[in-house]
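Here the structure comes first, spelled out in structure tokens, and everything after it is commentary.
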């Protein structure tokens, strides 16, 4: 499904029970001015999340029961649900008209959640908290090679300095 489909109260339970993945609900009404900007933004996003998120729109004038069931008090309201056996959990919500990036962010936070604080702290101590890209590895190798070259140069300089010191001592001793 790559567009917003209308859903009615009588079909809602069946839709949730058959849902695989996330379900996005757009609560709207014809008379709601700001609702007019939400629908097109969600329709633009729908193809990008096909297979991961099912997009539905709910006309609040025809479906007061759903509005009450989810505690929707003003429109536009967009809810993101995680379908589970016997129902769904609200995992994201945007009340009022928002931009396409706000809806995208809400969806992406659920599909690709950031690591928890515990995971980040654990990674800090184990060294596994940072994913290394090939650029990072190349940069680390170059840095290591540069360090080795500096060590070699420093040894050569030290050796040359030692030779100069020995020569100065010979000259001073001779004088």
Checklist outcome for this item: The residue from 62, 57 that alone is closer than 15 Å to residue 81 by Cα, over 19 Å from the mean Cα position of the chain (by Cα) and in the same structural domain as residue 78 (by TED's automatic domain parsing) is 57
Checklist entry - If you go through region 74-106, how many residues are in a strand (DSSP E or B) and either under 18 Å from residue 36 (Cβ atoms) or touching a residue at least 60 places away in the same chain (Cβ under 8 Å) (or both)? => result 10
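Here is a yes/no grid of residues against (1) in contact with a strand residue (DSSP E or B) (Cβ under 9 Å, 6 or more places away or on another chain); (2) exposed (fewer than 12 other Cβ atoms within 10 Å of the Cβ); (3) part of a helix (DSSP H, G or I):
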{"position": "17", "(1), (2), (3)": "yes, no, yes"}
{"position": "26", "(1), (2), (3)": "yes, no, no"}
{"position": "32", "(1), (2), (3)": "no, no, no"}
{"position": "37", "(1), (2), (3)": "no, no, yes"}
{"position": "57", "(1), (2), (3)": "yes, no, no"}
Checklist entry - Name the residues in region 39-55 that are over 16 Å from residue 13 (Cβ atoms) and in contact with a strand residue (DSSP E or B) (Cβ under 7 Å, 6 or more places away or on another chain), would you? => result 39, 42, 46, 52, 53, 55
Checklist entry - Would you say residue 68 is surrounded by 13 or more Cβ atoms within 10 Å (Cβ to Cβ) and at pLDDT 90 or above? => result no
Next on the checklist: Of the conditions (1) in contact with a strand residue (DSSP E or B) (Cβ under 6 Å, 6 or more places away or on another chain); (2) free of Cβ contacts under 8 Å to residues at least 12 places away in the same chain, residue 71 satisfies every one except a single condition; which number is it?
Outcome noted: (1)
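The values are calculated or read from the model by the stated rules, or taken from the named source; none is laboratory data. The structure presented is a predicted model; accordingly, all values stated were derived computationally and were not measured. FYI the Cβ positions are ideal-geometry reconstructions off the backbone, even for glycines, and counts take in every protein chain you see.
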